[in-house]
Number of protein chains: 2
Amino acid sequence: MSLSNTSSMDPQPRRHVGARTPRREDSRLLRGQGAFVDDIDITGQLFMRVVRASVAHARITSIDASAARILPGVHLVLTGEDVRELGPVRLEELGYHDLFPHLEEYSHPVLPTDRVLYVGQPVAAVIAEDPYLAEDAAELVEVDYEELPVVLDPVEAVSGGASLHALGNEPASFVKEYGQVERAFAEAAHVVRGEFRIGRHSGIPMETRGFVVEPVPGRDQLWVWGAVHVHDCRRIMARMLGMPLTSIRMRHTDIGGNFGVRGGVFAEHLLVAHAARKLGRPVKWIEDRVEHMVAIAHAREQVHRMEGAFDAEGRLLALRDEIWHNHGAFLRQAEPLVSDITAGMVVGPYRIPAYRAELHAVITNKTPLAAYRAPGRYEGTFARERLFDLAAQEIGIDPVELRLRNVLTASDLPWEPGLEIAFEPYLFNSGDVLDHMRKALDAADYGAWREEARRLREEGRIVGNGIGLLMDKAGLGLYETADVEVDGTGRVRVLTGASSVGQGIETVLAQIVADELGVDPQDIDVMHGDTDLVPDGVGSWSSRSTVLAGGAARAAAQKALAKAVRVAGRLLEVDTTELQATSGRIEVVGKPDQYLTLAQIAERWDGWSARAVGDEPGLHASAVYLDEHMNYPYGITLVQLEIDPTTGGHTIRRFFVSTEAGKMINPLTTEGQIIGAAAQGIGGALFEEFQYDEQGQPLSTSFMDYLLPGAGEVPSVQFFVTEDAPTPDNPLGAKGLGEVGLIAVGAAVAGAIDDALGGEFRVRRIPVHPQDLFELSREAGER
Amino acid sequence: MSLSNTSSMDPQPRRHVGARTPRREDSRLLRGQGAFVDDIDITGQLFMRVVRASVAHARITSIDASAARILPGVHLVLTGEDVRELGPVRLEELGYHDLFPHLEEYSHPVLPTDRVLYVGQPVAAVIAEDPYLAEDAAELVEVDYEELPVVLDPVEAVSGGASLHALGNEPASFVKEYGQVERAFAEAAHVVRGEFRIGRHSGIPMETRGFVVEPVPGRDQLWVWGAVHVHDCRRIMARMLGMPLTSIRMRHTDIGGNFGVRGGVFAEHLLVAHAARKLGRPVKWIEDRVEHMVAIAHAREQVHRMEGAFDAEGRLLALRDEIWHNHGAFLRQAEPLVSDITAGMVVGPYRIPAYRAELHAVITNKTPLAAYRAPGRYEGTFARERLFDLAAQEIGIDPVELRLRNVLTASDLPWEPGLEIAFEPYLFNSGDVLDHMRKALDAADYGAWREEARRLREEGRIVGNGIGLLMDKAGLGLYETADVEVDGTGRVRVLTGASSVGQGIETVLAQIVADELGVDPQDIDVMHGDTDLVPDGVGSWSSRSTVLAGGAARAAAQKALAKAVRVAGRLLEVDTTELQATSGRIEVVGKPDQYLTLAQIAERWDGWSARAVGDEPGLHASAVYLDEHMNYPYGITLVQLEIDPTTGGHTIRRFFVSTEAGKMINPLTTEGQIIGAAAQGIGGALFEEFQYDEQGQPLSTSFMDYLLPGAGEVPSVQFFVTEDAPTPDNPLGAKGLGEVGLIAVGAAVAGAIDDALGGEFRVRRIPVHPQDLFELSREAGER
């Protein structure tokens, strides 16, 4: 085989992509060798504590920091006046500024000068010698408030509630529409209506937020630890601080979970940076869990008023939705992206001829939101799948059968109904939902589940099954960068613009590069999160890392290998057409004893040798992977649940998730993603909610009040993954799988509860708390 | 003017190159904002102390570290056995390994297992909680020695002295020869002979050596502070530690002087790195001044036995030299480079038809050497210029006139006599030494100096003048790297592979880039010494930075500007031929109100815009500057000196240095270089010497015994710089000026002493200590 032959350019058998490779991150993390942001301690560092608003809506009449300022060991107290020059925390420029020119008016102040809009909003910051002193001093900052009426409900916020911003409580709205909606409803055999609510909860990373900023002595430069998406964070900080991008150097730390809600740029980040720069001293900030619960980005909280027009056979003719999305007090980071995606993705994996959604992005006196894992899809899928269950009941068709009649099949492709999501046309171009659904129901043996539940109910137990169908969008975001370097020792370093947020991206990239170079993944280091090493990148969100970072790493590895062939040709004095790459070496075709290993090539092609002929030294290549558009994985979620009517308790007896993966790079990390997502989906369906009292005081500020599913509550998760339809949109064929495990859990749980309680349609809101189950059971006469 | 017109490609007037721009480094350093290696403190760091040999040559019979090891707070004690795996400190691979295959046999052990070869050699290392404890514990390490005979004199070392290495005491030798030497001597009217000795002294940086190594938790990576030439240091450390290059990340610190002698890789560096890696804790090492005096690289110490064959008119027909170069106990870093250069550069700026030098690189029981500012030239110039003074006397020609008859003139060019220096043919291709010498003597008004000295001698004062001619070689080393990035704020970052060792390279590169981009130097940051930012580079030695790093920075700036034009064309929707660059903006020719600033272009051409069309974001370009061969600045040094015969004291009454610069980038930093070099030249001529007793015990271990010229001893330096002959070898036209101020000082001082003492030839050795002056004065009957 010669390298000049395109078909034999593939240098070696691919052994690693697709294999159940254990996560390389774990050997480090499980041995306590992770370095999270709180493990960063800079000599001479000071500590920041934030003074937070204690009321949900008020005018600030005075801030008296004099007692804090004179406390020995306090170096600085910042209030709104001190950071006025920074302006509010800038939103990311994703295109929404053009649609909504006043968007920045709703962005989060670093510190307010005049009023507060939610409990927990930063009002002042104290920087002191140690964290205890900082906390004591923060308590000495006296803020006087003149309280104002609060608005908490999203529907009320745009229908008569007090106006919280000068420009009103609806910073953005989206209307998405295609087909003849009105006509379909006029002609429908059945019109089904419901209001569905999704509660306010969020990703709760084990690691709370933190930030460490070290000013470089004698230079106006900052070293920064603690950002999740280092490039975004650097860009926004640089603009706000008026510093050049290259003067802010982001450093890697391990990240104890992100899920979308920890990765933004927060007011606290700017406070730490501003203080460090002003004082010329390193400043560290680590929030405690109570702060975290009120100041991390919240998520979800939507109201859907949905109507479906069905024909006599249960075929959906049109879907209409009005949505209120409660963004809390300010817009944050990428917003109103989640609102856009919500309105676009309500259609799910269905063949819907006509559609209209109107979404109100709404401001209230609650903590601001961000995109939390499966943003918009978890909410919209709950509403839509509930509507299907309701329709099944009203029309009198089995809920599974109703779905089978409506899902997209291969004959519908390409499905491009004229919907735009996040500035991209929705295009479903690979797969067959019907086929997948049938395979998944067979794999789960769902018939047996139903039989089992029926039998148990006959025994007097309250057991039911629910189903949810899902379609995800993955791989959002134009590009990702990578850099592959083989060292003279044979070690390979992969640099990626992605972030390692627990998803195992280091493992996956090592697999991909190992296959391209023909080396062992153990010989590969994957580095990220350091802007000196990776000056440009995008990051890990929207289930994009494997596809985009993987695509970039693959391309960079291929370029490095091509260089190896070129240099080997020079060193061996052989035409490159006579060389082939195989298992980490470049050898002369037909003469396997004439070869150079990649390590030897890298070693010999040093600065002196390479520069002398005008070449770059080493085996080193960079690449950018550009993605034309998103990919759309789909699947189903099945839940069997038993209720204890005397306590309102429940047991998830069975839990099944299927997905069409296109191509799994690593089945083990895929499973990890799906189990983790399932746990979070269960949390949102049955446990987690940020509740507020009537004055807007948060009631869920500890894990006593904000319930998380623990190991005892998360069931064993049964998987079913098909690789029937590799996406044509990337060379790996992979679809993003970071969120599919989550999307339909709320819907399936709700269906299971209804089924357990006798089949009547009852659940219109998640989470279903124990109190709710207790009440529902009583209504159903089960107690 | 259009950019398509080559002659108008030069976008803006060059205002900064050539201007007396104050050093940008100073505002930081003078305000105490420098961060030197001892300013680096890593949380959790331990401290290393080195146990050093107390005898000059001995077999180690035992090392007992048990008392040190059990001391509470001691974490590790390393002896030779513990670091055997590292091997000795590798030499740089400059080509000498091919000439002398056994070179590495002479390299410096990290720690010895069997014997020590000089007082101060590291024998063990203690790592403890604090530096005081480490020092106490080091004193508990008991080393028993069986002493062996010592060899100290370089001539004796290769003529009957004890053999210190298995392969003998002469690891390398050089014979350089061209022309008919024997015949010239046979036919000469005059043959002049002398033995000249240059003492052992060194650069004494204000900052002693230090090293801080932090292991990255959970990864086999090291962060390193304290290297001078980060790329060399990283390469050698990586090989010795068996680590990939990219796993060792060198960090910038300020550098309190290098002068060639602090910049190598020392045993101590490997000890710190090995200990940090083994312990998983940061380790810091800072040497004290006593250690520094015995363990920093020493320099000079040569013996020249020289003969000149002159014709009747004083024209030099041939020069013959036998040289012994005392390298001390081991070869270090770039050796035997200095020996090579010495043998090659003895010819100086003279038209010498035939030449033969034989150099013995010799091992003795003294501290090892390295290249110290003007290596080989200071020594060879002293010897050669002394020979000229001796010849002037013996032949009976005025010493200035003798030189005028022999220097190279424009008509000799190109002068390429067939001599190889550091693997390059010696090629003098720009300038006219005779013309420069005449101008310089006029500028100095040397006739008046002589008249003044005569008059003062008549008054009974002991005053004389001396002259030395010099030729330097500069710009050694193939290439240098640079990277220029314009930020969206308009700030420019220049990355360079050079090192900032006090020479003002940041200032000079800012001037060069400012002129290319048409921006203010104040808007430019220059960064270096960080391998994450600059993965490949060479460093600052051999007066190469301005030429090579400057050339690279210039090329990178030009590429960035070319990109700015290209992107501006796209953004303004104008053909690039209609654009011109002027004063930091790209404007439409003839329409000066239609323009984009570089900042605007960088801001708009962000990741999203650029990647979407497959381009790299930002205004960012890298370049490598390759140099074909070295450049050869030349000049003269004149000294007028008065002796106090009663004390042996002296006063330098007048001091004049001239040089042909090709092109001065910054006259202010040029002057700084020349003053600093003059001070070091005066030190080597009149003050500084590492002396040893007969057992090889160093006698000069403090500034009480090792005299440095202070502000009171360094005279006002008069400059004369011509820019008559820009070198054709680089686009700046610049010649390296870092060492010219030093080279002929020893020669000129010696001539002045002879002249003061009545004209007889007396000084055959430098430094001339007060005791020597006292003795010489007595011999001359002046007392």
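Since every read-out is calculated from the coordinates, none of them should be taken as a lab result. Owing to the predicted nature of the structure, the values given are computational and were not obtained by experimental measurement. Counting neighbours? That spans all protein chains shown, and the Cβs are built from the backbone with ideal geometry, glycine included.
Across chain A, the relative contact order, built from alpha-carbon pairs under 8 Å that are at least six residues apart, equals 16 percent. Distances between copies of B:GLU358, taken at a point 7 Å out from Cα along the Cα→Cβ vector and listed shortest first: 10.4 nm.
One-quarter of the Cα convex hull surface for region B:545-643, in nm²? All intermediate terms of the calculation are to be shown ahead of the outcome.
Values: hull surface 46.8 nm².
Result: a mean projected hull area of 11.7 nm².
Here the Debye sum runs over all C-alpha atoms of region B:513-575 as equal scatterers in vacuum, and log10 of I(q)/I(0) at q = 0.14, 0.22, 0.29 Å⁻¹ comes out as -0.55, -1.03, -1.23. Given the C-alpha centroids of region B:725-783 and region A:347-410, what is the distance between them in whole angstrom? So the two Cα centres are separated by 91 Å. Its alpha carbons give region B:445-588 an Rg and a Dmax of 23.3, 83 Å.
Within chain B, which complete DSSP H helices have Cα atoms spanning at least 15 Å along the helix axis and a mean Kyte-Doolittle hydropathy of 0.0 or higher? Long hydrophobic helices here: B:230-241, B:267-279, B:433-444, B:505-517, B:550-572, B:667-682, B:745-756. Close amide H pairs (under 5 Å, H built 1.01 Å from N) link B:THR582 with B:GLU587, residues at least 5 positions away or on another chain. Neighbour counting of Cβ atoms within 10 Å sorts the residues B:GLU81, B:GLU207, fewest neighbours leading, into B:GLU81, B:GLU207. Taking every DSSP beta bridge that has both ends in chain A, the antiparallel portion is near 75%.
In region B:56-153, what is the volume of the convex hull around the alpha carbon atoms, normalised per residue and reported in Å³? Intermediate results must be reported in sequence, preceding the final value.
Values: hull volume 12.8 nm³, N = 98.
It comes to 131 Å³ per residue, whole-number rounded.
Placing a label point 7 Å from the Cα of B:ARG778 along the Cα-to-Cβ direction, the distances to the matching points in the other copies come to 11.8 nm, shortest first. Ascending distances from the A:ARG438 label point to its copies in the other chains, with the point 7 Å along the Cα-to-beta-carbon line: 10.4 nm. Close amide H pairs (under 5 Å, H built 1.01 Å from N) link B:ILE462 with B:ILE643, residues at least 5 positions away or on another chain. Rounded to whole Å, the principal axis extents of the Cα atoms in region A:459-498 read 70, 29, 10, largest first.
Summarised in one figure, the compactness ratio Rg/Rh of the protein assembly as shown, Cα atoms and Kirkwood Rh, is 1.05.
Which links in B:LYS439/B:LYS663; A:LYS473/A:LYS663; A:LYS439/A:LYS735; A:LYS176/A:LYS473; A:LYS284/B:LYS284 stretch past 21 Å when you go from one Cα to the other?
Among B:LYS439/B:LYS663; A:LYS473/A:LYS663; A:LYS439/A:LYS735; A:LYS176/A:LYS473; A:LYS284/B:LYS284, the Cα-Cα distance tops 21 Å for A:LYS284/B:LYS284.
Hull volume per residue, based on the alpha-carbon atoms of region B:205-299 and their convex hull, is 89 Å³. Net charge of the neighbourhood of A:GLU671, taken over other residues with C-beta under 12 Å away and scored Lys/Arg +1, Asp/Glu -1, is +2. For region A:106-182 and region A:286-337, write down the distance between their C-alpha centroids in whole Å. Here the two parts' Cα centres lie 18 Å apart. By the beta-carbon count within 10 Å of each Cβ, the least crowded to most crowded order of B:PHE382, A:PHE655, B:PHE259, fewest first, is A:PHE655, B:PHE259, B:PHE382.
With q set to 0.16, 0.21, 0.22, 0.25 Å⁻¹, the log10 of I(q)/I(0) for region B:546-603, from the Debye formula over equal scatterers at the Cα positions, is -0.48, -0.72, -0.77, -0.92.
Over all alpha-carbon pairs of region B:254-328, lay out the pair-distance distribution in 5 Å bins, whole %, shortest bin first. The percentages, shortest bin first, are 3, 11, 13, 15, 11, 10, 8, 7, 6, 6, 4, 3, 2, 1, 0. Expressed as a whole percent, the proportion of Cα-Cα pairs in region A:503-547 lying more than 15 Å apart is 50%.
Quick one: grab the alpha carbon gyration tensor of chain B, order the square roots of its eigenvalues as a ≥ b ≥ c, and give me rounded if a/c is under 1.5, else prolate or oblate depending on whether a/b is larger than b/c. Verdict is oblate for chain B. Chain A residue nearest by beta-carbon to the axis mapping A to B, with distance in Å: A:ASP532, 2.
Could you grab the relative contact order for region A:109-195? Cα pairs under 8 Å, six or more apart, rounded to a whole percent. Numbers along the way, then the final one.
On the way: 27 pairs, mean separation 11.5, N = 87.
It comes to 13 percent, rounded to a whole number.
Counted by neighbouring Cβ atoms within 10 Å, the residues A:ARG461, A:ARG351, B:ARG300 run from fewest to most as A:ARG461, A:ARG351, B:ARG300. Taking the centroid of alpha carbons for each part, region A:599-657 and region B:475-513 are 37 Å apart. Rounded to the nearest whole Hz, the Karplus-based 3J(HN,Hα) values (6.51 cos²θ - 1.76 cosθ + 1.60, θ = phi - 60°) of region B:411-423 follow the sequence 5, 7, 7, x, 9, 9, x, x, 10, 10, 10, 6, 6, with x at glycine and proline.
From the convex hull of the Cα coordinates of region B:130-228, what is the mean projected area in square nanometres?
Numbers: hull surface 58.6 nm².
Dividing the Cα hull surface by four gives the mean projection, 14.7 nm².
Each Lys or Arg adds one and each Asp or Glu takes one away; over the other residues whose Cβ falls under 9 Å from the Cβ of B:VAL119, this sums to +2.
With a sphere of radius 15 Å drawn around the Cβ of B:PRO149, what net charge do the other residues whose Cβ falls strictly inside it have (Lys, Arg +1; Asp, Glu -1)? Residues close to B:PRO149 contribute a combined charge of -3.
The HN-Hα couplings worked out from phi for region A:284-297 by the Karplus form 6.51 cos²θ - 1.76 cosθ + 1.60 (θ = phi - 60°) are 10, 9, 10, 7, 8, 5, 5, 4, 3, 5, 9, 10, 5, 5 Hz, whole numbers, x standing for Gly and Pro.
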